[in-house]
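Remarks on the structure that follows.
Throughout, read-outs are computed from the coordinates displayed, never taken from laboratory work. Remember, predicted model here, so these are calculated numbers, not experimental data. Neighbour counts run over all protein chains shown; Cβ positions are idealised from the backbone, glycine included.
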Amino acid sequence: MDSENFEEKIYPLGYEPQTTPEKTDPNVRNQLLDFILHSGPSEVVDTDLFAVMAKRRSTRKFSTKPVETEKIDKIIAAADTAPTAGNYQGFEIFYVKNPEKKKQLIPACNNQPYVNSPVVLVFCKNPTRVKFDFPEYVLKKFAIQDATLAAGYSQLAAQALGLSSIWIGMFDEQKVMDVIETDLIPSSVLCIGYPEQTKFPKPRRNLKDLVHVVW
Ligand SMILES: Cc1cc2nc3c(=O)[nH]c(=O)nc-3n(C[C@H](O)[C@H](O)[C@H](O)COP(=O)(O)O)c2cc1C
């Protein structure tokens, strides 16, 4: 994404947060991020992290109700709070706003129609940002973890904001890259919106089958 060059604007061209600090100061650490995370009003449905986790359920049917910009801001900001290897932030977020491109993502994602959701975020790996002096395969491994974790944070943030989402991992990498016009490889496509209906969470394995105690 191209950044705007206007001196005080620190957000990308085509995406302006709902509210921004009156005066942005590049010397203040995480100023915009903290401002967005703390700003209101935005209907935070659940502030209990564990309740958010317990209630989250993938949605493949979204209502046509648009998602408020301030919620999108928080979802994106949440991704930016995730830990990353060496804090190098080896990932990028492509916020697909163009309705035509959203439609083009459907065939790129194995013809899954719900990809055309109110908010579509493509998380891409960017191993070139990871400046460790390690072999390339390690940097790539870090970048996929960075991108995945960031998307997970966004997914939980969406849930906390009363939204729902579907994580898309089944896609043709090159086709998605062609649609969003990047040479960075996507790790996931996160589709977000208001659910048509709220469903119960899906069952999971018993803890005894999941956890393997190593003495
Ligand atoms: C790595 C990964 C890839 C996934 N890919 C897809 C996908 O391509 N299409 C889809 O409909 N759901 C996909 N999902 C969503 C899962 O089907 C869903 O998370 C799972 O059934 C558990 O349901 P829950 O999220 O409601 O707990 C994916 C989830 C993950 C974590």
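Hey, fewest Cβ within 10 Å first, where do V67, V28, V115 land in order?
Starting with the residue having the fewest Cβ neighbours, the order is V28, V67, V115.
Taking only Cα atoms and a 10 Å spring cutoff, compute GNM fluctuations for the chain and point out the largest among A150, A108, A54.
A54
How high is the relative contact order of the chain, in percent, counting Cα pairs under 8 Å that sit 6 or more residues apart?
25
Figure the gain on full extension for R29 and M170 (residue separation times 0.36 nm, minus the Cα-Cα span) and round it to one decimal in nm.
So the chain would gain 47.1 nm between R29 and M170.
Kindly identify region 43-197 as rounded, prolate or oblate by the Cα gyration tensor criterion: order the square roots of the eigenvalues as a ≥ b ≥ c, call it rounded if a/c is under 1.5, otherwise compare a/b with b/c, prolate if a/b is larger, else oblate.
Judged from the Cα gyration tensor, region 43-197 comes out oblate (a/c at least 1.5, b/c at or above a/b).
Setting aside same-chain residues fewer than 8 positions from K141, which lysines have a Cα under 19 Å from its Cα?
Reachable lysines: K125, K131.
Identify all aspartates and glutamates with a Cα-Cα distance to K71 below 20 Å; exclude those on the same chain that are fewer than 8 residues away in sequence.
Leaving aside aspartates and glutamates fewer than 8 places away in the same chain, those within reach of K71 are E16, E22, D34, E43, D46, D48, D80, E92, E196.
How do S165, S63, S187, S39 rank when sorted from fewest to most other Cβ atoms within 10 Å of their own Cβ?
Least to most surrounded, the residues fall as S63, S39, S187, S165.
With a/c under 1.5 counting as rounded, go ahead and sort region 107-196 into rounded, prolate or oblate using the C-alpha gyration tensor (a ≥ b ≥ c being the square roots of the eigenvalues; past the cut-off, prolate if a/b is larger than b/c, else oblate).
oblate
With springs only between Cα atoms under 10 Å apart, run a GNM on the chain and tell me which of F132, F123, F50 wobbles the most.
For the chain, modelled as a Gaussian network with Cα springs under 10 Å, the answer is F50.
Going by how many other Cβ atoms sit within 10 Å of their own, how do T128, T47, T19 line up, fewest first?
Fewest-to-most Cβ neighbours within 10 Å comes out as T47, T128, T19.
When only Cα pairs under 8 Å and 6 or more residues apart are kept, what is the percent relative contact order across region 15-131? Display every interim value, and only then the final one.
Values: 100 pairs, mean separation 30.6, N = 117.
Here the relative contact order equals 26 percent.
Suppose we keep just the DSSP beta bridges with both residues in the chain; what percent of those would be antiparallel, to 5?
Numbers: 19 of 20 bridges.
In the chain, DSSP labels about 95 percent of beta bridges as antiparallel.
Rank by packing, highest mean first: peptides 176-184, 94-102, with packing defined as the count of other Cβ atoms within 10 Å averaged across residues.
Peptide ranking by packing, descending: 176-184, 94-102.
Efficiency by 1/(1 + (r/R0)^6): what FRET value for D178 and R60, r their Cβ-Cβ distance, R0 = 22 Å, to the nearest 0.05? Intermediate values should be presented prior to the final figure.
On the way: r = 24 Å, r/R0 = 1.10.
Computed FRET efficiency for D178 and R60: 0.35.
Pick out which of K199, K65, K23 has the largest mean-square fluctuation in a Gaussian network model of the chain, springs linking Cα atoms closer than 10 Å.
Sorting by GNM fluctuation, first place goes to K23.
Which value at 222 nm does the chain reach when only helices count, each DSSP H run of 4 or more adding -39,500 (n - 2.57), with the total divided by all residues and rounded to the nearest 500 deg cm²/dmol? Kindly include the intermediate steps, with their values, before the conclusion.
Details: 7 runs with 73 residues, N = 215.
Here the helix-only value at 222 nm equals -10000 deg cm²/dmol.
Which value in nm describes the separation of the simple spin-label points at M53 and D133, placed 7 Å from the Cα toward the beta carbon?
Spacing of the two 7 Å Cα→Cβ label points: 3.8 nm.
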